1. Using DSSP H assignments, which helices in chain A have an axial alpha-carbon span of 18 Å or above and a mean Kyte-Doolittle hydropathy of -1.0 or higher?
2. Relative contact order (percent) for the range A:232-380, with alpha-carbon contacts under 8 angstrom and 6 or more residues of separation?
3. Using only alpha carbons, build the gyration tensor for the protein assembly as shown and give me the equivalent ellipsoid semi-axes, biggest first, whole Å.
4. With charges only on Cβ, +1 for K and R and -1 for D and E, what is the dipole size of the range A:57-379 about its Cα centre, in debye, rounded to 20?
5. Kindly express, to the nearest 10 degrees and within the range 0 to 90, the angle between helix B:3-13's C-alpha long axis and the longest C-alpha principal axis of chain B.
6. With only alpha-carbon atoms counted, please give the Rg and Dmax of the range A:57-379, in Å.
7. What whole number of Å gives the distance from the Cα centroid of the range A:41-64 to the Cα centroid of the range A:316-358?
8. How much length is gained on full extension from B:ASP10 to B:LYS129, taking 0.36 nm per residue of separation minus their Cα-Cα distance?
Amino acid sequence: MRPENYEAQRQPPSNEYELNFGPNHPGIEGNYALKVKLHGDVVIEANADGGYLHRGFEKLMEQRLWIQNIALVPRICVPDPSPMELCYSMAVEQLCGLVVPKRAQWIRVLQLELSRIAAHLFTFGGHAATTGMYSTMYWGVTDRDLLLDLFEEFTGGRVYSIYNIPGGVRRELPPGFLQRVTETLDYIESRLPDYDNLFFKNQVFVRRAKGVGVMTREQALAWGVTGPNLRATGLAFDVRRDDPYQVYDQLEFEIPTEESGDAWARTLVRRHELMESIRILRQVIDALPDIHGSIRAPIPNPLAWNVPAGETYTRVESSKGELCYYVVSDGGPKPYRVHVRGPSSMHAVQVLEKLAIGSRIEDIAQTMFSLDACPPEVDR
Amino acid sequence: MSQEIAHWLDNLLEEIEGIEIRRKSSRRVRVDVPADALPALLELLQGRAGYIHLSAISCVDWIDDEEFELVYHVWSYENHSLVSAHIRIAREPGVYLSVYDLYQPAAFFERDIHEMYGIHFEGSPNMGKFILTEWDGPPPMRKEFDSEAYINEHLSWQEYNPPWLQALIAEGGGVVIPPEEQRFSRKKS
């Protein structure tokens, strides 16, 4: 990072040259770099370079109380923070044997799916911007803001809601909230045909994205790819259905897939997923008024909370793929170890490095955004 | 995971010597093996039981036991179950074998663990620095590394005493608690 470390290197005359793609580049998500070697404008070697966002969350969590970490975890992935809270809370609940009340579980699904829609809209916006379609970016960010308004109303925070705590959720939903969620969902659904015309069916995007960053299902499985990126290769795997948590086993939803495994397929899978999230949310909105009871299991004094010794591995489907927490307690007031496995630790490093090779320089951004890589998850 | 598959898996795993199997829930299995039996176990799980997805490799530093615990979480898309294989290796010299030839995602996790804990994985494709490019101190995730002591030693705290706070304190208001007592995290258990 320091300028003195970047010495001009004398190279023998050739068509090959090196280029730093990032860490501050509009075609890259977050502060992250890809050091590429090019022949003409074709990438022949790519090395991911992280570390620009490292905040040492795993170490920090070992030094803070179980309850204090709730404020830390959402910051690990900025665009989609809610699954982080849930995954950590689930781990603590499993260690303590806490049973989360039904109503809290439904509210958690509401929060997760709202977060998924917000994250996908943000990704569409970013992805469209890499092809020069800035209108879609403005639309995506503006429509996401409507969801952030909802988050602000029911959690108090627009981006980092810090709403899930071990045992349940922090607050009851405000009066009339579900009606406002319905209105927002109706609006977003009514916007989707416009998005289709402007972005998904737009030949500028289709021609730029089709055939870019192609991976087969075998490659995806071998490289540890999960989430929409895996489903774009034709495998219908979703943690929500295949390793269900909370009340996902009581909800009806499809798992959209595509076959071609390229940037276009990955983006299309997300677009279909957004529809499925709306479908899930409508079921939650219908069910919630009839589910009464507490929103939180009783927990001990959080400032003197010794979680029983043990270890657990929890998994959640975030908007980017399989998100896991490995949490170890030694029976003390702070976690002994928290390991965060973000889906992007595969997508942004090994997968991106492999897919970039052979592509043209202008397609690197396409590949990265279509993988929906989230560098803070890698750096942690 | 159905009873039938669970039984079949148990029989299969019993081929490994010194194995201890614990079923934590219908989709979670904990397996403890001696460190030298892990490659054989993973080969068996991947080749014959369909556990083709390495979800993560986690490392835990048990400093009091002078050991590192490595946990390999593998998932089967067919059985819908996750096996966590636990091994312990000596803290010194902290060397183990790479499982990259079985699971390609291992390259990232091994590189990460090498950087954070200093464990060297023989046969891993890249043990170079990734996140801590310009860090030359000890591996920071080891338990003996105290980040707060490091900060106190190498950096200085900034004074924060803005006029509004001075005015508040002059009026006798505000919550003034010595910082040491404010920080619950500092209290020893």
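1. Those that clear 18 Å and a mean of -1.0 are A:82-96, A:102-130, A:134-155, A:177-195, A:263-287.
2. Values: 180 pairs, mean separation 26.7, N = 149.
Contact order relative to length: 18 percent.
3. Numbers: eigenvalues 212, 201, 167 Å².
For the protein assembly as shown, the ellipsoid semi-axes come out as 33, 32, 29 Å.
4. 420 debye
5. In chain B, helix B:3-13 runs at an angle near 90 degrees to the longest axis.
6. Rg, Dmax (Cα atoms, Å): 19.4, 59.
7. 12 Å
8. 38.9 nm
Every number in this text was worked out from the coordinates using simple rules, so none of it is lab data. Nothing here was measured: the structure is a model prediction, and the numbers come from that model. Counting neighbours? That spans all protein chains shown, and the Cβs are built from the backbone with ideal geometry, glycine included.
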